[in-house]
Amino acid sequence: MKKEDCLFCKIGAGEIPSTTIYEDDDFRVFFDVSPASKGHCLIVPKEHFDDVFALDEPTASKLFVLASKVARSMKKELNLEGLNIVQNNGTIAGQTVFHFHMHMIPRYAGDTVNVKWIPGEADTNELQELAKSIGDNL
Ligand code: 5GP
Ligand code: ZN
């Protein structure tokens, strides 16, 4: 997608307003317009990457340093009991804005957030094969 057609490129550049918590040369952190819970915010690189598969190494390496700082500040300032960090890639995974972003979702007793899956069963042989094939491609 071209930058001029991308909502989060425009928000990142400040061309569309957002309630911004933090920005630097590489990222903008702003509140989600439809929050899952109080304080739900998004960490968005200013450069366009569709998803985690496209993310470059410099951005990826800075991302979690920032995420952990934002998490600590949220913990201090919101009366949260926990925090889910969610990052959707692909329509099937729930991605609706195709510019990489990381959700920071505070958790409170009695909230309506749901990020739980049904635990499955693993086949040990299959896991060993997958560990090798995925590991060999890193
Ligand atoms: P996704 O479903 O792609 O993981 O998450 C996209 C998120 O972007 C959603 O939680 C949605 O509420 C949020 N969002 C969509 N449009 C806007 C907008 O214009 N401004 C802000 N602040 N958030 C947005
Ligand atoms: Zn973009």
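FYI, it's all coordinate maths here, none of it is from the lab. All values derive from a computational prediction rather than experimental measurement. Please note: Cβ atoms are built from the backbone with ideal geometry, for glycine as well, and neighbour counts cover all protein chains shown.
Where the centroid of each part is defined by its Cα atoms, how far is region 24-62 from region 63-129 in Å?
13 Å
For the chain, which cysteines have no second Cys with its Cβ under 4.7 Å from theirs?
Cys41, each lacking another Cys Cβ under 4.7 Å.
Taking the Cβ of each residue in Met102, Met74 as the centre, tally the other Cβ atoms inside 10 Å and list the residues starting with the fewest.
Least to most surrounded, the residues fall as Met74, Met102.
With a Förster radius of 35 Å, plug the Cβ-Cβ distance of Glu126 and Thr59 into 1/(1 + (r/R0)^6) and report the FRET value to the nearest 0.05.
0.60
Could you grab the Rg to Rh ratio for the chain? Cα atoms only, Kirkwood for Rh. Intermediate values should be presented prior to the final figure.
Working: Rg = 16.9 Å, Rh = 16.7 Å.
So for the chain, dividing Rg by the Kirkwood Rh gives 1.01.
Among Glu81, Glu47, Glu4, what is the fewest-to-most ranking by other Cβ atoms within 10 Å? Mind dumping the intermediate values first?
Numbers: Glu81 11, Glu47 17, Glu4 8.
Least crowded to most crowded, the residues run Glu4, Glu81, Glu47.
For region 1-87, what number of Lys pairs, 8 or more residues apart or on separate chains, have alpha-carbon atoms under 19 Å from each other?
Close lysine pairs under the 19 Å cut-off: 9.
List every residue whose amide H lies under 5 Å from the amide H of Cys41, counting only residues 5 or more places away in sequence or on a different chain, with H placed 1.01 Å from N in the peptide plane.
Asp32, Met104
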